[in-house]
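Throughout, read-outs are computed from the coordinates displayed, never taken from laboratory work. Quick caveat: nothing in here was measured; it's all calculated off a predicted structure. Neighbour counts are summed over all protein chains in view; Cβ atoms, including those assigned to glycine, are modelled from backbone coordinates with ideal geometry.
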Amino acid sequence: MNPYRHDIFLQGMLQQPERYIGRREELEELLSRVSDSRPAAISLVGLRGLGKSSLLQTLASNPGTHEHFRQNIGLRFRNDPASLLFSFVEGELRPPDGTIAEFLVALLFRSVLHSLAELLELEDARLLPLERIVARRYHVRELRQVAQEQVEAARAEDDDDTLRHDFLRTLGRSNHDRLTSLLERLDGWGLRVIFLMDDFDQLARSLDNESSNMLRTLIPYASMVIATQQPLSEMVAAHIAESPFFNLLEKLDMVSLPYLSPEEARRLVLEPPTWQAATSQFRFSDNDVAFILELTGLHPDVIRATCEDLFNRLRRRSATPDADLIAPDEQPYLRIDLRRQFADSFAVLWRHRLNDEERQTLADFARADKQGSRYPARPPASALHSLIKRGYLVYEEGRYRVFAGFFRDYLLEQLGDALPVVGSEAALPNLPELTDLETRLLELLAAGGGEIVERNEIIVQLYGRRAVATDEERASAANRLDVLVSRLRGKLKNDPRQIENVRGQGYRLARRAGRG
């Protein structure tokens, strides 16, 4: 169990109110709007990496979020937060040509059925005998009991296929009729469906008048939050943007990168292991925390993902209280290796929505930050203001600097500047040129600090989790790893380090006696 893995972290955080760490203001705003007396449609706009997905996943973590933020829930639902039926929709699916409205209706209908089955603890929501459930407001516990009793009674009279057929027939003939009829019934039972549509950009570009009008017909019965990187109005044709649906959308911009306070950032590094009994003994030292936060800045997603990776690498190390888990000579390798997972996100930040003046200003700050100096000249006011507003630059220790060490290193790579990797020349003397996999393997073993790194962990890090999904794939990946280790050993023959095989466990990096 990795306490920093997103789902485990979220589950642990929401078990107790005092644990919450994240974009509190935006979460409270969204929850308040979608649970108001009348349903609302929210357009959540922001570039990738600004925390939109995390916000939606937090909203969908019923019932923890609802109980924790009960004071922000509308009066109609405040006494029974579980009656907010969050339905998370994966919006990145590509619709078939010419059938966007029907595709979207089917997607939403399946999503509601899945969420309803989970809420009522049913095998299949289509087993519900709808005509047997009286149209009145229920508490969720009561509705769950009534639904289960009625399903049991109906199954005593008919088989499941008949019940599913009756369920659909009762709702209507078309998917649109079925969806609106179901939403109306759920509203009558006291539930509020809230569609959460993440990564909606691909579908948004396919929206036509029929699909936008269909979405408008749902708003009297259900709220929705549509997350995109660009405003919806910029991704559809002008005549479609004039649809009444777009007049109902309430826009919520996420312009700047999300940041925690320094204290909350430390909490995010230190506290998650203590929320799980199995990991309660794991603890980063103060030096470890300083190293991590120098790399990540105060960005919550970068901190969590970095700690998730480090936990996988370091969890087997036994350390005395307050001892460092990360040795100083490991830090250069970790800095390089950990940054790889953020390359795509950083590319979006660097390449999109920055003009030439903003890029040049950011580049100058990165170079100054690398040298530990202040900005050498007065930056253009408009570029500086824009970069500060978006969160690319933060004010620390009396000067502006790039928001995270990882991002600064990425910028220097894009600019062609050599990165200072302390100790790398001494650590890799006269090595033949290494392939990318050989380099990653060597860095992974070096990060182990002489401890055994398990074979499965190496395989996952090098080849991905699919490589251990089945026995056949695991055996194939193990053979590839053996060949890779053998090849790397040959290139290390004149190096003071050697790769030791610990039978049945994994590998570790050691030094030859009398060398180095």
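Taking square-rooted eigenvalues a ≥ b ≥ c of the alpha carbon gyration tensor, is region 434-511 rounded, prolate or oblate, where a/c under 1.5 means rounded and, failing that, a/b exceeding b/c means prolate? Cα axes put region 434-511 in the prolate bin. The packing ranking of peptides 349-362, 294-307, highest mean first, is 294-307, 349-362, where packing means the average number of other beta carbon atoms within 10 angstrom of each residue. With a cut-off of 14 Å on the backbone N, the residues of region 189-210 near the modelled label site 7 Å out from H114 along Cα-Cβ are 195-199. Once Lys and Arg get +1 and Asp and Glu get -1 on their Cβ, which of L481, A510, V453 lies farthest toward the positive end of the dipole of region 434-511? Most positive-ward Cα: A510. Remark: region 23-253 carries a charge dipole of roughly 640 debye about the Cα centre, counting +1 on each Lys and Arg Cβ and -1 on each Asp and Glu Cβ.
Averaging 1/r over each pair of different alpha-carbon atoms in region 87-176 and inverting the result gives 14.5 Å, the Kirkwood hydrodynamic radius. A cut-off of 5 Å between modelled amide H atoms, ignoring neighbours fewer than 5 places along the same chain, links S87 with I194, F195, L196. In a reduced charge model with +1 at each Lys and Arg Cβ and -1 at each Asp and Glu Cβ, the chain shows a dipole moment near 1140 debye about its Cα centre. Label positions at A135 and E397, each projected 7 Å from the Cα along the C-beta direction, are separated by 6.6 nm. 222 nm [θ] for the chain, helices only, -39500 (n - 2.57) per DSSP H run of 4+, per residue, to 500? Computed ellipticity for the chain at 222 nm equals -15000 deg cm²/dmol. For region 272-287, the Karplus equation 6.51 cos²θ - 1.76 cosθ + 1.60, evaluated at θ = phi - 60°, returns couplings of x, x, 6, 7, 10, 4, 5, 10, 5, 8, 6, 8, 7, 7, 4, 5 Hz by residue, with Gly and Pro reported as x. Positive end of the dipole of the chain (Cβ unit charges, origin at the Cα centre): among P332, S243, V193, the Cα lying farthest that way belongs to P332. When +1 charges are put on Lys and Arg Cβ atoms and -1 charges on Asp and Glu Cβ atoms, the dipole computed for region 343-414 relative to its Cα centre reaches about 180 debye. Length gained on full extension, S280 to E67: 74.2 nm, using 0.36 nm per residue less the C-alpha separation.
Modelled spin labels at R378 and R489, positioned 7 Å past Cα toward Cβ, are 6.5 nm from each other.
What the phi angles of region 162-167 give under the Karplus curve with 6.51, -1.76 and 1.60, with θ = phi - 60°, is a coupling list of 5, 5, 5, 4, 5, 4 Hz, glycine and proline written as x. For region 175-295, the percent of C-alpha pairs falling in each 10 Å distance bin, counted from 0 to the bin holding the largest distance, reads 11, 28, 19, 17, 19, 6, 0. Rank N494, W275, L59 by how far each Cα sits towards the positive end of the charge dipole of the chain (+1 on Lys, Arg Cβ; -1 on Asp, Glu Cβ) and give me just the farthest. Towards the positive end, the residue furthest out is N494. Near the amide H of V453, within less than 5 Å, lie the amide hydrogens of Y507, R508, all on another chain or at least 5 residues away, with H placed in the peptide plane.
When each of K389, K491, K52, K370 is scored by the number of other beta-carbon atoms lying within 10 Å, the sequence from fewest to most is K389, K491, K370, K52.
Computed from label points 7 Å out along Cα-Cβ, the spacing between H385 and R164 is 6.0 nm.
How large is the translational diffusion coefficient of the chain in µm² per second when you combine the Kirkwood radius over alpha carbon pairs with Stokes-Einstein at 4 °C and 1.567 mPa s?
49 µm²/s
For region 276-305, list residues with backbone N below 18 Å from a point placed 7 Å from the Cα of H352 toward its Cβ? Hits in region 276-305 for H352 at 18 Å: 301-302.
From the square roots a ≥ b ≥ c of the eigenvalues of the alpha-carbon gyration tensor of region 343-414, which class results: rounded (a/c under 1.5), prolate (a/b over b/c), or oblate? It comes out oblate by the Cα gyration axes. How much FRET efficiency would the formula 1/(1 + (r/R0)^6) give for A290 and S233, where r is the Cβ-Cβ distance and R0 is 51 Å, rounded to 0.05? The value I calculate is 0.70.
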